[in-house]
Amino acid sequence: MTMRYQALCAAACRANRAIDAAGLAPFTWGNASAADRRAGVMAIKPSGVAYARLRPSDMVVLELGSGRILAGNRKPSSDAPTHLELYRAFESINGI
């Protein structure tokens with residue numbers, strides 16, 4: 001993961017691990033994302049990675065406008081299109 005997105009990926013990773021710690025999602029279902037509006041990107045949990053093994057470097061960074069993958073070596077969550085639409089529709093939110 002590039003230094004450019006390090007803080008964003010760390011925030012998304014913490015949010016995803018909190019989902020697991022609270023018992024809110026079975027298996028790997030349920031994903032959190034974090035957006036950086038100034039950079040026009042979001043970081044989201046990759047598909048199929050167990051919460052306990054999740055690291056900031058596992059996050060996938062997508063461009064908000066196009067959904068294009070900008071950083072990360074894994075497939076983004078299947079929830080990514082929904083998260084992108086919510087960020088596009090509600091400019092005041094920075095996390096889902």
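The values are calculated or read from the model by the stated rules, or taken from the named source; none is laboratory data. A quick note: this is a predicted structure, and the numbers were derived from the prediction, not measured. Every residue, glycine as well, gets a Cβ built from its backbone with ideal geometry; the counts of neighbours run over all protein chains shown. Surface areas here come from the heavy atoms of the whole protein model, side chains and all, with no ligands, DNA or RNA. Shrake-Rupley method; radii C 1.70, N 1.55, O 1.52, S 1.80 Å.
Remarks
- Whenever a residue of the stretch 81-96 is touching a residue at least 12 places away in the same chain (Cβ under 8 Å), it has no partner that is charged (D, E, K, R) and surrounded by 13 or more Cβ atoms within 10 Å (Cβ to Cβ) lying with C-beta atoms less than 6 angstrom away and at least six residues away or across chains.
- Residue match in the stretch 53-61 (condition: of a type in the set (S, T, N, Q), within 22 Å of residue 3 (Cα to Cα) and either in contact (Cβ under 8 Å) with a residue 12 or more places away in the chain or surrounded by fewer than 21 Cβ atoms within 10 Å (Cβ to Cβ) (or both)): yes
- Of all residues making up the stretch 62-96, the number that are under 22 Å from residue 25 (Cβ atoms), in contact with a strand residue (DSSP E or B) (Cβ under 8 Å, 6 or more places away or on another chain) and not aromatic (Phe, Trp, Tyr): 14
- In the stretch 4-13 there is no residue matching the filter, namely being touching a helix residue (DSSP H, G or I) at 6+ places or on another chain (Cβ under 6 Å) and in a strand (DSSP E or B).
- Answer from 15, 22 - the residue that is open to solvent by 30 Å² or more (accessible area, probe 1.4 Å), small (Gly, Ala, Ser) and modelled with pLDDT under 95: 22
- Residue 71 farther than 13 Å from residue 95 by Cα, touching a residue at least 60 places away in the same chain (Cβ under 8 Å) and either among the hydrophobic types (A, V, I, L, M, F, W, C) or surrounded by 14 or more Cβ atoms within 10 Å (Cβ to Cβ) (or both): yes
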